[in-house]
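Trainee: Structure below; questions to follow.
None of the figures in this text is laboratory data; all of them are computed from the coordinates on show. Quantities reported herein were computed from a predicted structural model and do not represent experimental measurements. Quick reminder, even Gly has a Cβ in these numbers, built from the backbone with ideal geometry, and neighbours come from all protein chains shown.
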Amino acid sequence: MRSRLYLWVPLALFAFFAGLAAFMLTQEKDQFVESTMIGQPLPAFALKPAYEGLPGAAKADFTGKPRLLNIWASWCLPCIAEAPQLEALKAQGVEIVGIAIRDKPEDVAAFLARHGNPYTRIGSDPISEVQLAIGSSGVPETFVIDAAGTIRYQHIGDIRESDVPKLLAELEKAK
Amino acid sequence: MIGRVLALVLALFALPLGAQDSMPPAPYAYTQLDDPRLEAEASALMHTLRCIKCQSQSIADSDAPMAGDMRHQVRTRILAGESPAEIRRWLIARYGDYVSYEPEVSATTWPLFAVPVLVVLLVAGVLLRRLGKRRGDAGDAA
């Protein structure tokens with residue numbers, strides 16, 4: 001009789017996988033595609049100014065100290081939500097370089113006039129070229145770039161107040 | 001009155017459209033390459049690359065602006081003489097295996113390929129033993 005016990009193995013396996021599937025259905029799906037460029041040097045790029053108020057952005061601008069590279073757009077609603085946090089980071093002495101994705105100069109200017117301007121430079125990326133080159137999958141996203149121009153950290157989505165200390169710590173680590 | 005309510009409701013549905021950009025698509029987002037051979041190469045590749053923005057569609061199937069920008073990358077790179085395999089590697093280096101629909105053997109995926117082979121070997125082993133034994137039994141009886 002005892003030797004028949006192994007006959008239950010397939011059923012037990014089936015029950016295990018059915019249970020696993022049911023459990024996974026209740027888990028929240030991770031929708032984010034993370035960049036696999038962390039630890040890699042910033043790819044070469046040189047973008048024209050996104051509007052006449054600030055210079056454009058290039059890889060050559062990322063030397064000497066860590067900076068934030070903020071991927072955003074004037075048509076992006078979460079970018080409005082993170083604007084105050086970018087201001088807070090700027091107030092802490094952080095230099096933020098922006099890349100405006102698929103944006104028009106007049107829209108960029110209107111956005112900055114309305115929600116504040118935390119940037120020192122904004123490059124215009126009308127065909128998401130640089131966004132694809134650094135493995136960014138949407139707006140807004142914020143990368144920590146160290147003094148040597150290496151990508152150190154990626155924050156996906158809008159920056160909340162609770163994310164600011166983490167970003168400051170990552171900037172400190174990138175020194 | 002009903003018309004006005006309906007218009008309002010429809011206008012509300014249209015609200016998310018405001019979250020789209022108003023820029024024209026990238027030059028090669030919707031324009032095929034002149035050389036039909038190169039376009040066929042690009043098209044085959046685009047059908048096996050995942051749209052990062054709309055993750056259950058390939059970039060060939062998606063109308064998302066980002067998919068258009070990815071198609072532009074594929075076509076300009078093909079035009080510049082890069083091979084489809086090189087372009088796939090370029091994207092995988094940025095987004096991981098997830099961006100490619102083409103199954104690839106890697107450090108994390110090799111069990112998927114190894115397990116079926118193991119199972120077939122196991123079954124073959126069991127069958128050989130059983131059938132071999134039966135034939136042996138038959139031989140004994142004869």
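Trainee: Mind running the shape call on the stretch A:1-117? Use the C-alpha gyration tensor, a ≥ b ≥ c as the square roots of the eigenvalues: rounded below 1.5 for a/c, prolate if a/b tops b/c, oblate otherwise. Provide the component values of the computation, followed by the final result.
Mentor: Values: a/c = 3.83, a/b = 2.83, b/c = 1.35.
Prolate, because a/c is 1.5 or more and a/b exceeds b/c.
Trainee: OK, next. Per-residue Cβ counts within 10 Å, from other chains only, averaged over B:69-76: what number is that? Before the final figure, lay out the partial values.
Mentor: Numbers: counts 9, 3, 0, 4, 5, 0, 0, 2.
That average works out to 3.
Trainee: Please rank B:ARG129, A:ARG121, fewest neighbouring Cβ atoms within 10 Å first, as an exposure proxy.
Mentor: B:ARG129, A:ARG121
Trainee: Using amide H atoms built 1.01 Å from N in the peptide plane, name the residues 5+ places from B:SER100, or on other chains, whose amide H lies under 5 Å from its own.
Mentor: Distant-sequence amide H within range of B:SER100: B:ARG50.
Trainee: To continue, here is another question. Mind checking A:155-166 for the average number of partner chain beta-carbons within 10 Å of each residue's beta-carbon? Could the numbers behind the result be given before it?
Mentor: Numbers: counts 0, 0, 0, 0, 0, 0, 0, 0, 0, 0, 0, 0.
Mean shielding count: 0.
Trainee: Okay, moving on. How large is log10 of I(q)/I(0) for the stretch A:46-173 at q = 0.10, 0.12, 0.14, 0.17 Å⁻¹ when the intensity is taken from the Debye formula with one equal scatterer per alpha-carbon?
Mentor: Debye output, listed in q order: -0.25, -0.37, -0.52, -0.79.
Trainee: To continue, here is another question. Given R₀ = 22 Å, what would the calculated FRET efficiency be for A:TYR6 paired with B:VAL119, taking r from the Cβ atoms and rounding to 0.05?
Mentor: Numbers: r = 17 Å, r/R0 = 0.78.
Taking R0 as 22 Å, the efficiency between A:TYR6 and B:VAL119 is 0.80.
Trainee: Can you list the residues, at least 5 places off or on another chain, whose amide H is less than 5 Å from the amide H of A:SER128, using H built in the peptide plane?
Mentor: A:ARG102
Trainee: Counting only other residues whose beta carbon sits under 12 Å from that of A:TYR51, what net charge do I get with K and R as +1, D and E as -1? Working shown, then result.
Mentor: On the way: positive: A:LYS48, A:LYS104, A:ARG121; negative: A:GLU52, A:ASP103, A:GLU106, A:ASP107.
Net of charged neighbours comes to -1.
Trainee: A further question follows. Once Rh is set to the Kirkwood radius over Cα pairs, what Stokes-Einstein translational diffusion coefficient, in µm²/s, holds for the protein assembly as shown at a temperature of 25 °C and a viscosity of 0.890 mPa s? Kindly include the intermediate steps, with their values, before the conclusion.
Mentor: Details: Rh = 23.4 Å.
Translational D for this selection: 105 µm²/s.
Trainee: Let me ask something else. Highest first, please rank the peptides B:24-36, A:47-59, A:16-28, A:126-138 by the mean number of other Cβ atoms sitting within 10 Å of their residues.
Mentor: Details: B:24-36: 14.6, A:47-59: 18.4, A:16-28: 8.6, A:126-138: 22.4.
Put in order of decreasing packing, that is A:126-138, A:47-59, B:24-36, A:16-28.
Trainee: Fewest first, what order do B:ARG75, B:ARG134 take by the number of other Cβ atoms within 10 Å?
Mentor: B:ARG134, B:ARG75
Trainee: Would you please give the residues with an amide H less than 5 Å from that of A:TYR153, counting only those at least 5 places away or on a separate chain, with H modeled from the backbone geometry?
Mentor: A:VAL144
Trainee: Modelled label-to-label distance, A:ILE80 and A:ARG114, 7 Å Cα→beta-carbon offset: nm?
Mentor: Here the answer is 0.6 nm between the modelled labels.
Trainee: Please figure out what share of the DSSP beta bridges in the stretch A:46-173 is antiparallel and state it in percent, rounded to the nearest 5.
Mentor: Details: 13 of 24 bridges.
So the antiparallel bridges amount to about 55 percent of the total.
Trainee: Going down the table (A:LYS104/B:LYS53; A:LYS173/B:LYS53; A:LYS65/A:LYS173), which pairs top 23 Å between alpha carbons? Can you show the working numbers first?
Mentor: Numbers: A:LYS104/B:LYS53 21 Å; A:LYS173/B:LYS53 31 Å; A:LYS65/A:LYS173 11 Å.
The answer is A:LYS173/B:LYS53.
Trainee: Can you tell me the FRET efficiency between A:ALA60 and A:MET24 if r is taken as the Cβ-Cβ distance and R0 is 51 Å, rounded to the nearest 0.05? Walk me through the intermediate numbers first.
Mentor: Numbers: r = 46 Å, r/R0 = 0.91.
Plugging the Cβ-Cβ distance into 1/(1 + (r/R0)^6) gives 0.65.
Trainee: Something else now. Of the options A:PHE111, A:ILE159, A:ILE96, report the single residue whose Cα projects farthest towards the positive end of the charge dipole of the stretch A:46-173 (beta-carbon charges: Lys, Arg +1; Asp, Glu -1).
Mentor: It is A:ILE96.
Trainee: Which distance in Å, rounded to a whole number, links the C-alpha centroids of the stretch B:61-88 and the stretch A:24-77?
Mentor: Measuring centre to centre over Cα atoms gives 20 Å.
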